[in-house]
Amino acid sequence: MSLSLLPRLTSRVFSHYRRIATRLAGWIYDRPRLAAWFYAPESPEARYREHNGRMFAGFHEQERMLADQRRMAFYQAAITRHIQPGDRIIDLGTGTGILAALAARRGAAHVYAIDHSDILKHARTLAAANQIKNVEFVSAHSTEFRVDEPVDVILHEQMGDCLFDEAMVANVTDLRDRLLKPGGLILPSVFEFFCEPIKVRDSRLVPFIWELNVHGYDYSSLERERPQETGYYHLASSDLNLVDHFLGEPEPVLSIDLHTLNESDLPREVTFTRRVVNAGRLDGYAVFFRAWVDDDLSLSSSPVDQNRAPHWGFRILRTERDDFAVGDEIDVRLTVGTWTDLHSWRWSHVKRAAADTRLTAHGR
């Protein structure tokens, strides 16, 4: 082998190895139980920061958010209505800097665009290319950010699929308490959290394996082998054709305002009742949210809303089959270890049949 080829070959081998190692590390980090075998224990917050930084550093997640016309129209309207010329603003989790740019064009005196992801280098390039002034890009986690003078507005898009799973409450309220002037504004601040009993379309239903009987081949013996991995019991989707209908009339089980909420105010248990108005099979609970800025300006991630913001998914907390008639009641209990960690959630229900007084309990 020519000695001149050796450095190039070595470089290619190590470059290939680094790509494989990076992908493997990401795959392991996304599986907390497996990661515990490979890495020293770290806090859930630290794990989330690592995951978040990697997830939003690439173009794909940014593309999905920017192409979501409902999302972008909501923020454009909120900024146009509520950000005033001369305002000093924090844009929390700026990503490519689009919200910071819209605020700057609205006349903001100064925008602190904060992000701890590598996407920030592209945000700087975009701002320069689009001649955006008065935006200061800050590469840091928001909890490490300091400023000498309080700001007028905290602008953010920290909502996860389950509303709370991107640490919105902790991060926004931390900035609120430290850096927002008295009477300052959080955009958006008002949220409704839903956990609605649903029926999945028959053609799309995937039951638990022990509920299946396929051409006479009975799988019920696998019930004793129920998986212990919590991720098995919930699924993510953004498909408007998945959910057939809500069994009851949807209403929020939690309503919050980030201007006044403290993280300790969030309950560890939520109980609610739905009277069945649409008969059918209970397949699970759809978790989604609605964000409000004004009475006529909101953003939905509902699985049955044709005008939903599509880049957000909704989650389905799976249940074993239970059939309901009109007039039946579903008493639901959702217990939460940590709101940011869906793996810590547990859910159960009691069926109250309208035809008699019998109660049937089910749960995860």
- [ ] Test Gln76 against the criterion of being under 21 Å from Leu297 (Cβ atoms), part of a helix (DSSP H, G or I) and modelled with pLDDT of 95 or more, and give yes or no.
- [x] yes
Open item on the list: Considering only the stretch 98-113, I want to know if a residue exists there that is in contact with a helix residue (DSSP H, G or I) (Cβ under 9 Å, 6 or more places away or on another chain), within 23 Å of Asp294 (Cα to Cα), surrounded by 14 or more Cβ atoms within 10 Å (Cβ to Cβ) and among the hydroxyl-bearing types (Ser, Thr, Tyr).
Closed with: no
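Looking at this structure, is Val169 over 16 Å from the mean Cα position of the chain (by Cα) and at pLDDT 95 or above? Before the answer, list the steps.
Working: over 16 Å from the mean Cα position of the chain (by Cα): no; at pLDDT 95 or above: yes.
Taking the combined requirement at face value, the residue does not satisfy it.
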Open item on the list: Among the residues of the stretch 194-216, are any assigned to a loop (DSSP other than H, G, I, E, B) and buried (at least 20 other Cβ atoms within 10 Å of the Cβ)?
Closed with: no
Task: Every pair of residues 6+ apart whose Cβ atoms lie under 9 Å, when the first sits in the stretch 331-355 and is within 26 Å of Met168 (Cβ to Cβ) and surrounded by fewer than 20 Cβ atoms within 10 Å (Cβ to Cβ) while the second is of a type in the set (Lys, Arg) and modelled with pLDDT under 95 - done: Arg346/Arg364
Task: Unique match (being under 17 Å from the mean Cα position of the chain (by Cα), at negative phi and not hydrophobic (A, V, I, L, M, F, W, C)) among Arg333, Arg321, Arg315 - done: Arg315
Task: From Asp323, Asp295, residue being among the charged types (D, E, K, R) and out of contact with any Gly (no Cβ under 8 Å at 6 or more places or on another chain) - done: Asp295
- [ ] Within the stretch 229-243, count every residue that is more than 15 Å from Gly313 (Cα to Cα) and either touching a Phe, Trp or Tyr at 6+ places or on another chain (Cβ under 7 Å) or acidic (Asp, Glu) (or both).
- [x] 1
Open item on the list: Based on this model, can you work out whether Leu299 counts as in contact with a Lys or Arg (Cβ under 7 Å, 6 or more places away or on another chain), under 30 Å from Ala77 (Cα atoms), of a type outside the set (Gly, Ala, Ser) and assigned by TED's automatic domain parsing to the domain that holds Asp322?
Closed with: yes
- [ ] With the condition kept exactly as written, say whether any residue in the stretch 239-248 is at pLDDT below 95, loosely packed, with under 14 Cβ neighbours inside 10 Å and either basic (Lys, Arg) or outside the structural domain of Ala353 (by TED's automatic domain parsing) (or both).
- [x] no
Open item on the list: Please go through the stretch 220-232 and give me each residue that is farther than 13 Å from Glu320 by Cβ and part of a loop (DSSP other than H, G, I, E, B), ordered by number.
Closed with: Pro227, Gln228, Glu229
Open item on the list: Here is a list: Pro310, Pro267. Which entry is at pLDDT 95 or above, assigned to a loop (DSSP other than H, G, I, E, B) and closer than 30 Å to His82 by Cβ?
Closed with: Pro267
TODO: Return the pairs, sorted by first residue and then second, in which the second residue is part of a helix (DSSP H, G or I), the first residue lies in the stretch 126-142 and is at positive phi, the beta carbons are less than 6 Å apart, and the residues are 6+ apart or on different chains.
DONE: Asn134/Ala104
- [ ] For the stretch 305-364, name all the residues that are within 27 Å of Arg70 (Cβ to Cβ) and out of contact with any strand residue (DSSP E or B) (no Cβ under 9 Å at 6 or more places or on another chain).
- [x] Gln306, Pro310, His311
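The values are calculated or read from the model by the stated rules, or taken from the named source; none is laboratory data. What you see is a predicted model, and the numbers here were worked out from it, not measured in a lab. Heads up, the Cβs are rebuilt from the backbone with ideal geometry, glycines too, and the neighbour counts pull from every protein chain shown.
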